[in-house]
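What follows is calculated from the coordinates using simple rules that are stated; it is not laboratory data. For clarity, every value in this text was computed on a predicted model and none was experimentally measured. Cβ atoms come from the backbone with ideal geometry, glycine included; neighbour counts cover every protein chain shown.
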Amino acid sequence: MIGYVTIGTNDIEKSKAFWCDLLEELGASVVMDAGRIAFIGNGSEKAMLAVCTPYDENAPHPGNGAMVAIDPGSKEMVEKLYARALELGATSDGEPGQRIPDMFYGAYFKDPDGNKACFYQFA
């Protein structure tokens, strides 16, 4: 149902590098690059993450309550990709752990632009 989610950046090249490096193990790469916006994923037929400089040319602002959630396939990958995000310059917004007993495992971080994201796994 979801085609893509867009997050703002002040530095499109830095943002593309961060997200491509982070999601490389999931097979993601830049699917389409139109200069001020780049779509990252496993092909245009699947959900993608788009990074962009805002169309109105004003500064991007992460939304309060807005978040991108990515299912990497296992709890081990949640932990691995969370650690990789921090290595790449993200900040922790919640270490890996069980959030809903026997149901939801997640790890939260903010990318270098302050956009909140989560790697998660349903039990």
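For this structure, a couple of remarks:
- Kirkwood-Stokes translational diffusion coefficient of segment 4-78, alpha-carbon pairs, 4 °C, 1.567 mPa s, µm²/s: 100 µm²/s
- Maximal additional length on extending the residue 32-residue 56 stretch stands at 6.6 nm, based on 0.36 nm per residue less the C-alpha distance.
- Rounded to 10°, Cα long-axis angle of helix 75-87 versus longest principal axis of the chain: 50 degrees
- Under a model in which nothing but the beta-carbon of Lys, Arg (+1) and Asp, Glu (-1) is charged, the chain shows a dipole of about 160 debye around its Cα centre.
- Cross-link reach list, aspartates and glutamates versus residue 110, counting only Cα pairs under 17 Å and skipping chain neighbours closer than eight places: 11, 21, 71, 79, 87, 93, 95
- Cα long-axis angle, helix 12-23 against the chain (0 to 90 degrees, to the nearest 10): 30 degrees
- Checking the cross-link pairs 16/80; 14/75; 14/46 against a 22 Å limit on the alpha carbon distance flags 14/75; 14/46 as lying beyond it.
- Each residue, residue 123 and residue 100, gets one label point 7 Å from its Cα in the Cβ direction; the gap between the two is 1.2 nm.
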